[in-house]
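The values are calculated or read from the model by the stated rules, or taken from the named source; none is laboratory data. For clarity, every value in this text was computed on a predicted model and none was experimentally measured. Quick reminder, even Gly has a Cβ in these numbers, built from the backbone with ideal geometry, and neighbours come from all protein chains shown. Remember, those area values only see protein heavy atoms, side chains included, never the ligands or the DNA or RNA. Shrake-Rupley method; radii C 1.70, N 1.55, O 1.52, S 1.80 Å.
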Amino acid sequence: MNALQFSATGDLAALRLVDIPTPVPAAGDVLVQIKAAGLNPSDVKNVLGRFPYTTLPRIPGRDFAGVVVQGPQALLGQEVWGTGRDLGFFADGSHAQYLTVSAQGVARKPAQLSFAQAASLGVPYTTAWDALERSGVGSGTRLLVIGANGAVGRAALALGKIRGTQVLAAVRRADQVETLQAEGYTAIALGEPDALGAQVHGVFEGGAEVIFDTTGFWLPAAVAGLAPFGRIAIIAAPADGHVQLPALALYRKGGSVVGINSLLYNCEQCAVMLAQFGRFFDEGTLPLPAGLREVALTDGVACYDAVNRGSADKFILLP
């Protein structure tokens, strides 16, 4: 089978298109014929050596959608999707024609999603779902999403909406504000960090009960916009991993910080999440992904390079 594979880390030049034997599923596993696989920034960082626990040689790729061709009878021929920490790190991932994974590590693909659409959602949507779940977001919650124009931010807005939250989106540019407002969201333009608290209180009386910072840069400023007993969820940090946190203001509000890391969840745990929110796509309450850039797997190395150079395109690799 064709696959992208790397045998060393630190340079994207180590990633190559190879022809290797099709894997054989072990007992309790399934063999999935990959129809589409998402390319996430973490896949690129993996090849660059940002995850020291990755074992080599390795096929990267976390998100996938495809058809079960070997495994338990009940799953044969089923259209499935999946993601998880194992793939691309401890086990071969989805940037290949076939993938072996636990039979409990796949979920039935929503019928309303194409294979490419399903493959685009794994990491962003499980990350956003986990952030809302662990931050206690429910009906009526005052939720601020910082970096709402990114993949995870967009997922948080959509999932917050179906939960009945009061959603406020924060983005950098005026045109992004206009786009979100046209979609029915209340949105603000991020300016100086010291102004964020006043901006949030200007929309939410009493502050935001949950703030989800998808950027890694607004944690200190977010404290000023937090309601009493509020929660700040974070999924990223500055390059050195450190921020100066106004701890006095945080504890006076009874606030807490919630770290969100999708790499804490294996394929089986992610499959549970996919099943939980996947039904909303078939019910028509979650938006179908658009603007995807579908590319042949054989051109996958160039896509990795594009993402590494800052491309905002959502690449979907098609074997």
Only one of Gly259, Gly202 is under 17 Å from Leu132 (Cβ atoms) and surrounded by fewer than 13 Cβ atoms within 10 Å (Cβ to Cβ), namely Gly259
Per the filter on segment 221-233, residues open to solvent by 40 Å² or more (accessible area, probe 1.4 Å) and either part of a strand (DSSP E or B) or farther than 14 Å from Ala170 by Cβ (or both) are Pro228, Phe229, Arg231
Flagged in segment 274-311 as within 15 Å of Ala155 (Cα to Cα) and among the β-branched types (Val, Ile, Thr), in numbering order, are Thr285
Of those in segment 157-198 that are β-branched (Val, Ile, Thr) and open to solvent by 60 Å² or more (accessible area, probe 1.4 Å), the residue nearest to Asp313 (Cα to Cα) is Thr179
Reported set for segment 138-175 where residues are at positive phi and out of contact with any helix residue (DSSP H, G or I) (no Cβ under 9 Å at 6 or more places or on another chain) is Gly140, Gly164
Those residues of segment 19-56 that are among the hydrophobic types (A, V, I, L, M, F, W, C) and part of a strand (DSSP E or B) come to a total of 6
Quick check: is even one residue across segment 278-299 closer than 22 Å to Phe51 by Cα and either in contact with a Phe, Trp or Tyr (Cβ under 7 Å, 6 or more places away or on another chain) or surrounded by 20 or more Cβ atoms within 10 Å (Cβ to Cβ) (or both)?
no
_Scan segment 290-302 and tell me whether some residue there is farther than 20 Å from Ile34 by Cα and over 18 Å from the mean Cα position of the chain (by Cα)._
no
Self-check item: Residue within segment 71-79 that is assigned to a strand (DSSP E or B) and open to solvent by 50 Å² or more (accessible area, probe 1.4 Å) present
Solution: yes
Exactly one of Ala239, Ala247, Ala187, Ala195 is of a type in the set (Gly, Ala, Ser) and touching an Asp or Glu at 6+ places or on another chain (Cβ under 9 Å), and that one is Ala187
Exercise for review: Evaluate segment 146-156: report whether one residue or more is open to solvent by 70 Å² or more (accessible area, probe 1.4 Å) and out of contact with any strand residue (DSSP E or B) (no Cβ under 7 Å at 6 or more places or on another chain).
Suggested key: yes
